[in-house]
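Take a look at the structure set out below.
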Amino acid sequence: NAGVTQTPKFQVLKTGQSMTLQCAQDMNHNSMYWYRQDPGMGLRLIYYSASEGTTDKGEVPNGYNVSRLNKREFSLRLESAAPSQTSVYFCASSEVGTGGAGAFFGQGTRLTVV
Amino acid sequence: QKEVEQNSGPLSVPEGAIASLNCTYSDRVSQSFFWYRQYSGKSPELIMSIYSNGDKEDGRFTAQLNKASQYVSLLIRDSQPSDSATYLCAVHNQAGTALIFGKGTTLSVSS
């Protein structure tokens, strides 16, 4: 019973490098999300996907791109990493719409950009 | 104005006391509300959901919702040191397609 699986768990990048964070869920949820969490800032929504084939910007989308590959997988790409993108990244999934059961989170990816 | 507001704390209570955590939200049409617990270095864990005005109880946890006042609260009875964590309030956006989080309240329960 894996739930939401993120890879990698830790990553160090040099400024300007690119990378893709992978996320997969096995709960047959329609909605998937990428958040970043910084000290004192709470969870901030980067992008979300309400269903396969759709993606929308959240609060802090600049510097990121996403792909909803299929219902299970939602990836986050940093094209040219910057030190300001040092953060903990969480992927989550949920049932879409009001009355949904809330989102379930992956283990997180701790990213450091030097 | 941020959509979901919480006092950052820390909120300190002695073991066995009631901890009261509060949250306000700005979008009047929000319909779904959630409380998450996050231990240091871990991912957020869903502990309560509430959709209707009033109280919802689950073990030592009670969620309270007042849509007219745009206010959600979480009460933790008989607080234990293991309850020490950051508690995050989350609200669905207007379209119901994304969860918006507050910054969280840090709770410390002393034995």
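Every read-out reported here was derived from the displayed coordinates using simple, explicitly stated rules and does not represent laboratory data. Only a predicted model underlies this, so the values are computations on that prediction, with no experimental measurement involved. Backbone-built Cβ (ideal geometry, glycine too); neighbour counts: all protein chains shown.
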| note | Spelling it out for A:Gly3: with amide H atoms placed in the peptide plane at 1.01 Å from N, the residues 5 or more places away or on another chain with amide H under 5 Å from its amide H are A:Asp26
| note | Sorted by chain and then number, the residues having a modelled amide H within less than 5 Å of the amide H of A:Gln107, at least 5 places away or on another chain, are A:Gln6
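If I take every Cα pair under 8 Å that is 6 or more residues apart in the stretch B:48-102, average their sequence separation and divide by the length, what percent do I get for the relative contact order? Mind showing how you got there, number by number?
Values: 63 pairs, mean separation 10.9, N = 55.
This gives 20 percent for the stretch B:48-102.
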| request: Using θ = phi - 60° and the Karplus relation 6.51 cos²θ - 1.76 cosθ + 1.60, list the HN-Hα couplings for the stretch B:58-63 in order, rounded to whole Hz, with x at every Gly or Pro. | output: 8, x, 7, 9, 10, 9
| chain A, relative contact order in percent, only Cα pairs under 8 angstrom and at least six apart counted | 35
| Separation of alpha-carbon centers, the stretch A:23-67 and the stretch A:79-95, rounded to whole Å | 8
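Pairs of Cα atoms under 8 Å, at least six residues apart: use those to get the relative contact order of chain B, whole percent.
38
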| Rounded to the nearest 20 Debye, what is the dipole magnitude of chain A about its Cα centre when Lys and Arg each give +1 and Asp and Glu each give -1 at the C-beta? | 260
| message | Loop-only chymotrypsin sites (Phe, Trp or Tyr not before Pro) in the stretch B:5-48, please: DSSP not H, G, I, E or B, and at most 13 other Cβ atoms within 10 Å. | response | B:Tyr39
| task | Please report how far the C-alpha centroid of the stretch B:34-111 lies from that of the stretch A:1-15, rounded to the nearest whole angstrom. | result | 26
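Quick check on chain B: take the gyration tensor over C-alpha atoms, sort the square-rooted eigenvalues as a ≥ b ≥ c, and tell me if it's rounded (a/c under 1.5), prolate or oblate. Walk me through the numbers on the way to the answer.
Details: a/c = 1.96, a/b = 1.58, b/c = 1.24.
Prolate, since a/c reaches 1.5 and a/b exceeds b/c.
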| field | For the protein assembly as shown, Cys with no neighbouring Cys Cβ under 4.7 Å | value | none
